[in-house]
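Right, one structure below, let's go through it.
The values are calculated or read from the model by the stated rules, or taken from the named source; none is laboratory data. This is a predicted model, so every value here is computed, not measured. Cβ placement follows ideal geometry from the backbone for every residue including glycine, while neighbour counts extend to all protein chains displayed. Just the protein is used for accessible areas: all its heavy atoms, side chains included, with ligands, DNA and RNA removed. Shrake-Rupley method; radii C 1.70, N 1.55, O 1.52, S 1.80 Å.
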Amino acid sequence: MVPVTWYIALSAVLFMIGAAGVLTRRNVIVVLMSIELMLNSVNINFMAFSYMLGDMTGQIFTVFTITVAAAEVAVALGILIALVRSNKTFNVDEIDALKG
Amino acid sequence: MEKLFFLMFAAVAIASGLAVVTVRNPVHSALALIVCLIQVAALFVLLRSPFLAAVQIFIYVGAVMVLFLFVVLILDMRKAVLQAFPPVKKRFVVGVILVLSAQMVAFVFLTPMGLGPAQGWEPTVESIGRVLFTKYLFPFEVVSVILLAALVAAIVIAKERQ
């Protein structure tokens, strides 16, 4: 029997790896993939707690998270294609048309 | 035995997750992310949820990552690939991340938590569907509308302007 703590520690580590990717990489695609990694680590958390408590809710929320992540990726990649077509850059620091 | 499998999957997941962030070529990091997602699906099997593992592989590995690879192949990545990966200027960020992750892991291990349901808790497709289509019917419908909106939005945004 694997302690639930291990799953949650693994998900924390994966989340921080994803956060490091978002903060240090400048390639838009890699930043998006790091966001996927973070979403996925949250899924591990949901599943671990669902298993620990013997409750279905975590499973349902994992289904929802996966679905919303798929929708997010579709929109993000569409935006990315339009952006690269007009800006010709992959560097997130150079995409500053909104002066953010 | 189960612990051994967990450690195996976790080690590969963390290694490939690190590869996603550190590898220079976006195609390689997409492939590393595929490996990581498959390991997570294996962890779902260890958590007694083979249905969610199948969903994870179908949607993440089958749909999302193929979409990523398509976009990497459509766009010309050669210039981006040549950009070095220098986290030299980002030492502060890496330090903050290390401190935060040490804090999180320490917090997780210091919190007393149970082992999990001992008496064979097996979420089947039937029990998931029963909860999904009764208690969570409204969120389910909302998610389907979100998917439809995302589908239309992705096509409209990515379409070439005349």
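Can you name every one of the helices (runs of 4 or more DSSP H) wholly within the range B:46-162 that holds 1 or more residues which are modelled with pLDDT under 80?
Numbers: elements: B:50-55, B:65-74, B:78-82, B:91-110, B:125-132, B:137-158.
Passing ranges, in order: B:78-82, B:91-110.
So is A:Val42 assigned to a helix (DSSP H, G or I), more than 7 Å from chain B (Cβ to nearest Cβ) and open to solvent by 10 Å² or more (accessible area, probe 1.4 Å) or not?
Working: assigned to a helix (DSSP H, G or I): yes; more than 7 Å from chain B (Cβ to nearest Cβ): yes; open to solvent by 10 Å² or more (accessible area, probe 1.4 Å): yes.
Considered against the rule, which asks whether it is assigned to a helix (DSSP H, G or I), more than 7 Å from chain B (Cβ to nearest Cβ) and open to solvent by 10 Å² or more (accessible area, probe 1.4 Å), A:Val42 comes out as yes.
Taking A:Val22 and the conditions (1) touching a Phe, Trp or Tyr at 6+ places or on another chain (Cβ under 6 Å); (2) in a helix (DSSP H, G or I), which numbered condition does it fall short on, given that it satisfies the others?
(1)
Return yes when A:Ile35 is touching a residue at least 12 places away in the same chain (Cβ under 8 Å), more than 8 Å from every other protein chain (Cβ to nearest Cβ) and not in a helix (DSSP H, G or I) and no when it is not. Show your work before the answer.
Working: touching a residue at least 12 places away in the same chain (Cβ under 8 Å): yes; more than 8 Å from every other protein chain (Cβ to nearest Cβ): yes; not in a helix (DSSP H, G or I): no.
No: the conditions fail for A:Ile35.
Could you say which residue among B:Val145, B:Val156, B:Val152, B:Val125 is out of contact with any strand residue (DSSP E or B) (no Cβ under 8 Å at 6 or more places or on another chain), in contact (Cβ under 8 Å) with a residue 60 or more places away in the chain, of a type outside the set (Asp, Glu) and open to solvent by 70 Å² or more (accessible area, probe 1.4 Å)? Before the answer, list the steps.
Details: B:Val145 fails: in contact (Cβ under 8 Å) with a residue 60 or more places away in the chain; B:Val156 fails: in contact (Cβ under 8 Å) with a residue 60 or more places away in the chain; B:Val152 fails: in contact (Cβ under 8 Å) with a residue 60 or more places away in the chain.
From the options B:Val145, B:Val156, B:Val152, B:Val125, the qualifying one is B:Val125.
So which of A:Leu23, A:Leu32 ends up being surrounded by fewer than 19 Cβ atoms within 10 Å (Cβ to Cβ) and closer than 29 Å to B:Ala102 by Cα? Explain how you work it out, then say what you get.
Numbers: A:Leu32 fails: surrounded by fewer than 19 Cβ atoms within 10 Å (Cβ to Cβ).
Matching residue, one of A:Leu23, A:Leu32: A:Leu23.
Just wondering, is there one or more residues in the range A:86-100 that are at pLDDT below 90 and assigned to a helix (DSSP H, G or I)? Steps first, answer last, please.
Start the filter on the range A:86-100 by keeping residues that are at pLDDT below 90, which leaves A:86-100.
Those left that are additionally assigned to a helix (DSSP H, G or I): A:86-87.
Yes, the range A:86-100 has at least one match.
Can you tell me how many residues within the range A:50-73 are hydrophobic (A, V, I, L, M, F, W, C), over 13 Å from the mean Cα position of the chain (by Cα) and either within 22 Å of B:Ala150 (Cβ to Cβ) or surrounded by 19 or more Cβ atoms within 10 Å (Cβ to Cβ) (or both)? Walk me through it before giving the result.
Taking the range A:50-73 and keeping what is hydrophobic (A, V, I, L, M, F, W, C), we get A:52-53, A:56, A:60-61, A:63-64, A:66, A:68-71, A:73.
Checking which are over 13 Å from the mean Cα position of the chain (by Cα) leaves us with A:52-53, A:56, A:60-61, A:63-64.
Filter once more, keeping what is either within 22 Å of B:Ala150 (Cβ to Cβ) or surrounded by 19 or more Cβ atoms within 10 Å (Cβ to Cβ) (or both): A:52, A:60-61, A:63-64.
Final tally of qualifying residues: 5.
Here are the criteria: (1) in contact (Cβ under 8 Å) with a residue 12 or more places away in the chain; (2) more than 28 Å from A:Asp55 (Cα to Cα). Tell me which single one B:Val21 does not satisfy.
(1)
If you go through the range B:22-43, how many residues are more than 19 Å from A:Val2 (Cβ to Cβ) and open to solvent by 10 Å² or more (accessible area, probe 1.4 Å)?
Of the residues in that region, 10 qualify.
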